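*Asks:* Encoded as structure tokens, here's the structure I'll be asking about.
The values are calculated or read from the model by the stated rules, or taken from the named source; none is laboratory data. These figures come from a predicted structure and were not determined experimentally. Note that each Cβ is placed from the backbone with ideal geometry, even for glycine, and that neighbours are counted across all protein chains shown.
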Amino acid sequence: MVTKVTRQHTKEEVLALLDPLFRRWFEGKFKTLTEPQAYAVPLIHQRKNVLISSPTGSGKTLTAFLSILNELYGLQRRGELEDRIYAVYISPLKALANDINRNLTRPLEEMREIAAREGLDPPEAGPDAPLIDDDEEADLARALAVGAAAELAAEPFAALTHLHYPHLLPVGLIEEGQDALL
């Protein structure tokens with residue numbers, strides 16, 4: 001069952017879910033939350049399946065990366081981070097370089113600088129991914145539609161942006177009782 005999320009969380013509620021390092025980085029960069037962050041960060045933190053439908057430039061990609069990296073950093077700090085794939089990120093090739101630089105590489109570099117200044121362990125997680133181009137994106141959407149979602153389901157996190165074929169995604173990707181932003 002897919003439900004529309006109606007509760008927008010406050011900045012304080014969202015920041016309380018973040019590790020202090022991530023919280024300090026966020027507060028140093030942004031005065032307020034974007035709508036996607038206010039709605040989705042708590043749901044991702046709860047491991048809910050979330051579909052964010054929002055205009056370009058509204059913070060969807062940073063919302064996903066921030067939430068996922070925060071969870072991975074928690075694993076790292078507890079000594080539970082394994083050398084394996086934890087997240088799958090799918091984006092059109094033309095947007096991929098900018099998405100990775102702006103929403104992943106640069107924030108991680110800035111967080112590592114804060115960690116060094118404050119004597120904290122720097123985040124170890126980062127981009128190390130094979131590329132999937134636009135034609136492969138269409139193939140992936142088709143594969144998901146015919147039940148190959150088990151490959152993605154094996155990973156704790158999957159972030160798909162700019163998906164051109166959302167109508168091909170199987171309904172089972174968003175499980176009953178899970179929340180989704182529409």
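*Asks:* Of all residues in segment 18-47, how many are modelled with pLDDT of 85 or more and not in a helix (DSSP H, G or I)? Let's see the steps before the verdict.
*Replies:* Keep residues of segment 18-47 that are modelled with pLDDT of 85 or more, which gives 18-46.
In the following step, the residues that additionally are not in a helix (DSSP H, G or I) were identified as 18-19, 30-34, 46.
Adding up the residues that qualify gives 8.
*Asks:* Further question on the same structure: Spot the failing condition for His9; the list is (1) of a type outside the set (Lys, Arg); (2) at pLDDT 90 or above; (3) outside any loop (DSSP other than H, G, I, E, B), and only one is missed.
*Replies:* (3)
*Asks:* Test Ile68 against the stated conditions and say whether it is among the hydrophobic types (A, V, I, L, M, F, W, C), in contact with a Phe, Trp or Tyr (Cβ under 6 Å, 6 or more places away or on another chain), at pLDDT below 90 and within 26 Å of Thr3 (Cβ to Cβ).
*Replies:* Yes; evaluated as a whole, the condition is true for this residue.
*Asks:* In the set Pro107, Pro42, which member is within 15 Å of the chain's Cα centre (by Cα) and in contact (Cβ under 8 Å) with a residue 40 or more places away in the chain?
*Replies:* On the way: Pro42 fails: in contact (Cβ under 8 Å) with a residue 40 or more places away in the chain.
Among Pro107, Pro42, only Pro107 is within 15 Å of the chain's Cα centre (by Cα) and in contact (Cβ under 8 Å) with a residue 40 or more places away in the chain.
*Asks:* Kindly evaluate Val50 against the criterion of being of a type outside the set (Gly, Ala, Ser) and at pLDDT 80 or above.
*Replies:* Against the criterion (of a type outside the set (Gly, Ala, Ser) and at pLDDT 80 or above), Val50 qualifies.
*Asks:* When you go through Leu81, Leu15, Leu69 one by one, which is the residue that is of a type outside the set (D, E, K, R), under 19 Å from Asp121 (Cα atoms) and in a helix (DSSP H, G or I)? Steps first, please.
*Replies:* Details: Leu81 fails: in a helix (DSSP H, G or I); Leu15 fails: under 19 Å from Asp121 (Cα atoms).
Going through Leu81, Leu15, Leu69 in turn, the sole match is Leu69.
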